[in-house]
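Visitor: Got a structure for you, written out below as structure tokens; questions coming shortly.
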Amino acid sequence: MKLLLHICCSCCFAYPYQKYKQNGVELTGYWYNPNIHPFTEYRRRLESLKKFAEENHLSIAYDESYDLAEFLRGALRNLDDRCGICYISRLRKAASYAKEKGFDSFSTTLLVSPHQNHALVKDAGETVANEIGVSFYYQDLREGFGKSREISKEKGLYSQKYCGCIFSEKERYLA
């Protein structure tokens, strides 16, 4: 299988990368995350991924457009569904790239996190897949969350404390 994997951060990428590689998947990563706030956080996550990719000779496509205003417009229209809006936005970009470049399917590292709403991620992926015309590959990878953290620590990768958006950053401090 030729899979394009949307990457939210190097930490969440570490385990899926190993798992897919062991299973013979032809994997290319895809970075697009306009939701991450502040910009310094965005840069730290991006730099950490680039470091991991370089050390492991990984193929990653980087869309470094930082469309924070567009993300915020969508999220503010419906704060109760801001995660769904965020998932759709990022997965739509990944799916479009996957279709354009001839991948069999696309997926996301969001599926490794127990902090993400898996049903919502899956629905967003399937919605976008139908819209764009490329298959969404769903696999629950939460069993590897601890392993991802372990690998990140061993490799000296940056490990953040919140999902990425300004709203999740606020929740981090209020919890």
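Please treat every number below as a calculation from the coordinates, not as lab data. These figures come from a predicted structure and were not determined experimentally. Positions of Cβ are generated from backbone atoms using ideal geometry, with glycine treated the same way; all protein chains shown enter the neighbour counts.
Visitor: Treating the beta-carbon of each Lys and Arg as +1 and of each Asp and Glu as -1, no other charges, what is the dipole magnitude of segment 65-175 about its Cα centre, to the nearest 20 debye? Working shown, then result.
Guide: Details: 17 positive and 15 negative charges, 70 e Å.
The calculated dipole for segment 65-175 is roughly 340 debye.
Visitor: How large is ³J(HN,Hα), in whole Hz, for each residue of segment 97-112 in order, when computed from phi with the Karplus curve 6.51 cos²θ - 1.76 cosθ + 1.60 and θ = phi - 60°, using x for Gly and Pro?
Guide: After applying 6.51 cos²θ - 1.76 cosθ + 1.60, I find 5, 4, 5, 4, 9, x, 6, 5, 7, 9, 8, 8, 6, 4, 6, 8 Hz.
Visitor: Then there is this: Where the centre of each part is set by its Cα atoms, how far does segment 15-91 sit from segment 154-175, in angstrom?
Guide: 14 Å
Visitor: Could you list which residues have their amide H under 5 Å from that of residue 137, counting only those 5 or more apart in sequence or on another chain, with H placed in the peptide plane?
Guide: 106, 107
Visitor: Could you work out which residue, out of 29, 133, 125, moves most in a Gaussian network model of the chain, that is, has the largest mean-square fluctuation with Cα springs under 10 Å?
Guide: 133
Visitor: Pick from 67, 80, 104: which is most flexible by mean-square fluctuation in a GNM of the chain where alpha carbon atoms under 10 Å apart are linked?
Guide: In this elastic network of the chain, the residue with the biggest mean-square fluctuation among 67, 80, 104 is 80.
Visitor: In segment 2-174, if the dipole is taken from +1 on Lys/Arg beta carbons and -1 on Asp/Glu beta carbons about the Cα centre, which of 112, 65, 152 is farthest to the positive end?
Guide: Farthest towards the positive end: 152.
Visitor: Could you work out how much longer the chain between residue 175 and residue 140 gets when fully extended? Use 0.36 nm per residue separation minus the Cα distance between them, nm to one decimal.
Guide: Details: separation 35, 0.36 × 35 = 12.60 nm, distance 2.59 nm.
That pair, residue 175 and residue 140, stretches by 10.0 nm at full extension.
Visitor: Normalising by the residue count of the chain, find the relative contact order in percent from Cα pairs under 8 Å and 6+ residues apart.
Guide: Working: 267 pairs, mean separation 55.1, N = 175.
Reported as a whole number, the value is 31 percent.
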